[in-house]
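To keep things clear, I will list the structure first and then write my remarks on it.
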Amino acid sequence: MKTLRYILGALMLLALMQISSCSKDTYPDSFAPGIKTGSYSDVYRKGATIYGNISLEDYQMESFGMEYTTLTRPGLSIEQYFATAQQMPVDSVDEEGNFSVALENLEPGKIYLYRSYVNSGYTTVYGADSSFQTPKNNAPVFGNVSIDSITYTSFNIEVPLLDDGGDAIEQMAFIYKE
């Protein structure tokens, strides 16, 4: 009987040692690349450009980019606002991990919240929240100028109108000085 107690005690001791040597089976928190939400620029009535940065180390990433939403009702938490956010995935970054997203078709006079994100397949990590406000009314906004068909006596120039500024444009012209 004493031998049976010793054997049972030894088995229990071995089982406790086995249990205590096991580690919790979880995916480490350090799997995710560093993601940062950057600034914004080129804000006009219906658009803006927002920036982010992602660590370019060798991490598993399914997608990354920016997400944005409209600040509509005071009193909601940030996570409640972002529950309905639009995600804008990004395909390319520069050599330092910087990327940008051009937002279009925004509403004039609204506050927009935005943040960067990266999804690894296991979880999603977010950068800091930031915000900007689109103006209600302002001057027209034009896109990039493109010049082609340059000859000794002529050239073609195109400048797209991105936003009419909230007013009906009656006339547009190009003026140059030699």
Expected output for the stretch 156-176 (first residue in contact (Cβ under 8 Å) with a residue 12 or more places away in the chain, partner of a type in the set (Phe, Trp, Tyr) and open to solvent by less than 70 Å² (accessible area, probe 1.4 Å), Cβ below 6 Å, 6+ apart or cross-chain) is Asp163/Tyr44
Read through the list (1) closer than 27 Å to Asp167 by Cα; (2) out of contact with any strand residue (DSSP E or B) (no Cβ under 6 Å at 6 or more places or on another chain); (3) among the charged types (D, E, K, R), then give the number of the only condition that Glu96 fails.
-> (1)
Look at Thr72 and say whether it is among the polar types (S, T, N, Q), open to solvent by 40 Å² or more (accessible area, probe 1.4 Å) and over 30 Å from Pro33 (Cα atoms).
-> yes
Can you tell me how many residues in the stretch 107-131 are open to solvent by 50 Å² or more (accessible area, probe 1.4 Å) and of a type in the set (Lys, Arg)?
-> 1
Of the residues in the stretch 136-156, how many are touching a Ser or Thr at 6+ places or on another chain (Cβ under 7 Å) and not in a loop (DSSP other than H, G, I, E, B)?
-> 1
Which residues, taken from the stretch 132-178, are of a type in the set (Ser, Thr, Tyr) and surrounded by fewer than 13 Cβ atoms within 10 Å (Cβ to Cβ)?
-> Ser146, Ser149, Thr151, Tyr152, Thr153, Ser154, Tyr176
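The values are calculated or read from the model by the stated rules, or taken from the named source; none is laboratory data. Quick caveat: nothing in here was measured; it's all calculated off a predicted structure. Reconstructed Cβ throughout: ideal geometry from the backbone, glycine too, with neighbour counts over all protein chains shown. Remember, those area values only see protein heavy atoms, side chains included, never the ligands or the DNA or RNA. Shrake-Rupley method; radii C 1.70, N 1.55, O 1.52, S 1.80 Å.
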